[in-house]
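The values are calculated or read from the model by the stated rules, or taken from the named source; none is laboratory data. Since the model is a prediction, treat every value here as computed from it, not as a measurement. Note that we place each Cβ from the backbone using ideal geometry, even for glycine, and neighbour counts take in every protein chain shown.
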Amino acid sequence: MTAASSTSPDAARLVTPTMLVLWLALATVPLWIAQAGLYPYLGVEILIWSIYALAFNLVLGTAGLPSFGHGAYFGVGAYAFGLCQFNLSPNLWVSLAAATIAALVAGILVALFISHRRGIYYAFMTIAFAQIFWTIAIKAYDLTGGEDGLLRIERPPADFGIISFDLRGNVALFYFVLAVFVLAVVGLWRLVHSPYGRVLAAIRQSEMRASHLGYPVWLYKASVFAISAALCGLAGALFAMAQHSAFPDVMNLTQSGYVVMMVLVGGGLVNFWGPVIGVAVFLLTRDVIGAFTNSWMLWFGLLFVLVVLFRPEGIAGLVKSSFERHSLRGQGLSALRLIFRSG
Amino acid sequence: MLDLLPHLVNGLVLGLLFALIALGFMLIVGLMEQINLAHGSLFALGAYMGLQFIGPNPPLPADLTTYWLQLPLGWRYALALVIAPCLVGVVGIAVEVCMRRTYGKDPLYGLLLTFGAAMVIEEGIRLIWGTRDYVLEVPRAVSGAFFFQDLIWSTYRFYAAGTAAAVIGLVWLMIEKTSYGAIIKAGAHDSEMVRALGINLSRLRLSVFVFGTILAAFAGIILAPIWGIRPHMGVDAVVPAFLVIVLGGVGSFWGAVAASILVGLAIGLSAAYASEWSLLSMYLLLVAVVTFRARGLFGKKSVLEA
């Protein structure tokens, strides 16, 4: 989070105007998505991946920790959801809680090993653990169903006691996932703008400075990793519902790489909403270009290279800088900033 | 004890092959402090290029093709081992030129750029060669099998391991014993001073990167008959390469070689007891070492851990 966003009045709010606009816009999606030539399931997918990418960005963007194996926690959540449904209880809330807790435990376990490491060693430790989880998913056939994964996962109804919603249709599922998305966004917004989030931002700027100021840096690094993993697990559980299955593909390194790409293309390093923008661009590119050519990854790869080369702050950064360039308000702000910096 | 011998030998062979795969990656990490995630795709591209030259449709002008196809397989193979990596080196030039913008920034950007390049190259491979598996033909002299102590051993694996050892030795001699190597090391150590002495640093970096690319492609051709040629082979190569560099410690040549051998032995020995899970052993080995040693086995201080 940049200095500008944390000093704006929005930082103190529970719900910001941007959030409201976004949620309302998303709530209309099922009304027009079929007319736009797409399908409701795409909306579900975008929301699930958005939760996943926002959770991941807590580690990469807010705390500046290079984790390249987050697919593991997404996958752990998906498997835990399926296993809980098959073996413990078919109740939706129990299964979602089981998925979140399983991913949290996995995240804590890994965080204990990696939180004293930095840079390339940190990055590769996350990859190594991701590969360990992935290998288990593929080889522990009796538990996970091997390469096929867990099949026939049901979408249990969302039971609120007095009223119960059937989630078997994609539109109903969309609104359920949207509700989770709303909660996740509010929670993450508060977390990022809390004193805890400020310390994470300080760690991102300089681990050494933060530790010399007396903060237990490793504890912050470990806890943010665990929180992020838990939320990724929740997203994974929703994904298992959406796909009616849990399979090892989501845990492999390429998939973990995709979420890094989405976050960066969208501009997660400079903006809270970057991951959401990135997910939407990625999945829409997949479906729109994918309709014309099988090699859409080639084009997305080229786009990604161009973003890294010329706009490392991503789409959100691009929009922001053009907004500042073209609006009087933006010019006034940058003039003020100049004055205060020089004075 | 005797029944472990084949697993030990296999592990040692595998270790040397891992070292060969990691060699180009290691040079670029050690001398440029850049992580080249495109290493795996360049490795795969080398294998495909080699395949194209050795196979029935070499990418040559028509009159040259008839002459080329009359050459015995051994000659074609030997020439492909030289020509194909050089062609892949051209792709390496393109990647390095793009990468220049990321020098001096957070190493994350170089890593992400090469991740994107890896995707583009891998998709390019799928576009040109399709997704099917290919088998690389090798000369009679290095294929086949032989008997030793009542066991069948594949000749090719020993040829590949021997080649790996020879290339590792040559690269080490080049870095340590030539003035060119001295300049490269100095460039990694204090780039400003090297530039002040009138050496063209960007050309130096380009040549290091291209050399690393050529080594990746060479390793691809050597490994192709063992692993088979398919688009995904790049990812299968870059992960162990990255792993041995981290395990050995950034900036240590023999650390990486020692780590490769250790990883090979770990895989070979665990295959004796639980072949299904043998690939897990290298990750467990890494976690065990890096948990206790912040810079791997013999790592040095580097900007990559900032």
Checklist line | Search result, residues across segment A:160-198 that are in contact with a Leu (Cβ under 9 Å, 6 or more places away or on another chain), over 17 Å from A:Trp273 (Cα atoms) and of a type in the set (A, V, I, L, M) | finding: A:Leu167, A:Leu173, A:Val177
Next item on the list: Please verify whether segment B:125-145 includes one or more residues that are more than 23 Å from B:Leu23 (Cβ to Cβ), outside any loop (DSSP other than H, G, I, E, B), within 12 Å of chain A (Cβ to nearest Cβ) and without any contact (Cβ under 8 Å) to a residue 12 or more places away in the chain.
Entry: yes
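Rundown of residues vs (1) within 12 Å of chain A (Cβ to nearest Cβ); (2) without any contact (Cβ under 8 Å) to a residue 24 or more places away in the chain; (3) within 15 Å of B:Val13 (Cα to Cα); (4) acidic (Asp, Glu), yes/no style:
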residue	(1), (2), (3), (4)
B:Ile245	yes, no, no, no
B:Gly248	yes, no, no, no
B:Gly255	no, no, no, no
B:Ala258	no, no, yes, no
B:Ile261	no, no, yes, no
B:Leu265	no, no, yes, no
B:Trp277	yes, yes, no, no
B:Leu280	yes, yes, no, no
B:Leu285	yes, no, no, no
Next item on the list: Out of the residues in segment A:27-57 that are aliphatic (A, V, I, L, M) and not in a helix (DSSP H, G or I), state the one that is nearest to A:Val259 (Cα to Cα).
Entry: A:Leu38
Next item on the list: Collect the residues in segment B:216-270 that are surrounded by fewer than 24 Cβ atoms within 10 Å (Cβ to Cβ) and among the polar types (S, T, N, Q), keeping them in residue-number order.
Entry: B:Ser252, B:Ser270
Margin query: Restricting to segment B:288-306, name every residue that is in a helix (DSSP H, G or I), facing chain A (nearest Cβ under 7 Å) and surrounded by fewer than 19 Cβ atoms within 10 Å (Cβ to Cβ).
Written below: B:Thr291, B:Glu305
Notebook entry, point to check: Does B:Val82 satisfy the condition of being modelled with pLDDT under 95 and loosely packed, with under 14 Cβ neighbours inside 10 Å?
Noted result: yes
Notebook entry, point to check: Could you list, in sequence order, the residues of segment A:98-119 that are β-branched (Val, Ile, Thr) and in contact (Cβ under 8 Å) with a residue 40 or more places away in the chain?
Noted result: A:Thr100, A:Ile101, A:Ile108, A:Val110, A:Ile114
Next item on the list: Determine which member of the set A:Leu24, A:Leu60 is farther than 30 Å from A:Asp148 by Cα, without any contact (Cβ under 8 Å) to a residue 24 or more places away in the chain and assigned to a helix (DSSP H, G or I).
Entry: A:Leu24
Next item on the list: Taking the residues in segment B:88-102 that are in contact (Cβ under 8 Å) with a residue 40 or more places away in the chain and away from chain A (no Cβ under 11 Å) as candidates, determine which candidate is nearest to B:Leu136 (Cα to Cα).
Entry: B:Val88
Check: Any residue at all in segment A:153-170 that is in contact (Cβ under 8 Å) with a residue 60 or more places away in the chain, under 19 Å from A:Tyr79 (Cα atoms) and β-branched (Val, Ile, Thr)?
Finding: yes
Next item on the list: Go through (1) over 19 Å from B:Gly46 (Cβ atoms); (2) modelled with pLDDT of 90 or more and name the single condition B:Thr66 misses.
Entry: (2)
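Here is a yes/no grid of residues against (1) crowded, with 20+ Cβ neighbours inside 10 Å; (2) charged (D, E, K, R); (3) in a strand (DSSP E or B); (4) within 14 Å of chain B (Cβ to nearest Cβ):
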residue: A:Ser95; (1), (2), (3), (4): yes, no, no, no
residue: A:Ala99; (1), (2), (3), (4): yes, no, no, no
residue: A:Leu112; (1), (2), (3), (4): no, no, no, yes
residue: A:Pro156; (1), (2), (3), (4): yes, no, no, no
residue: A:Ala179; (1), (2), (3), (4): no, no, no, no
Notebook entry, point to check: Mind checking whether some residue in segment B:267-274 is aromatic (Phe, Trp, Tyr), facing another protein chain (nearest Cβ under 10 Å) and assigned to a helix (DSSP H, G or I)?
Noted result: no
Check: Out of curiosity, is B:Gly116 under 22 Å from the mean Cα position of the chain (by Cα) and away from chain A (no Cβ under 13 Å)?
Finding: no
Checklist line | From the options A:Gly107, A:Gly161, residue that is modelled with pLDDT under 90 and not aromatic (Phe, Trp, Tyr) | finding: A:Gly161
Next item on the list: Might you check whether a residue that is within 12 Å of chain B (Cβ to nearest Cβ) and over 28 Å from A:Leu65 (Cβ atoms) occurs anywhere in segment A:238-249?
Entry: no
Next item on the list: For segment A:1-17, name all the residues that are part of a helix (DSSP H, G or I), at pLDDT 70 or above and loosely packed, with under 14 Cβ neighbours inside 10 Å.
Entry: A:Pro9, A:Ala12, A:Pro17
Note to self: Take B:Glu122 and tell me if it is more than 13 Å from A:Val305 (Cα to Cα) and within 12 Å of chain A (Cβ to nearest Cβ).
What the structure shows: yes
Next item on the list: From B:Leu79, B:Leu111, B:Leu37, grab the single residue that is assigned to a loop (DSSP other than H, G, I, E, B) and touching a Leu at 6+ places or on another chain (Cβ under 8 Å).
Entry: B:Leu37
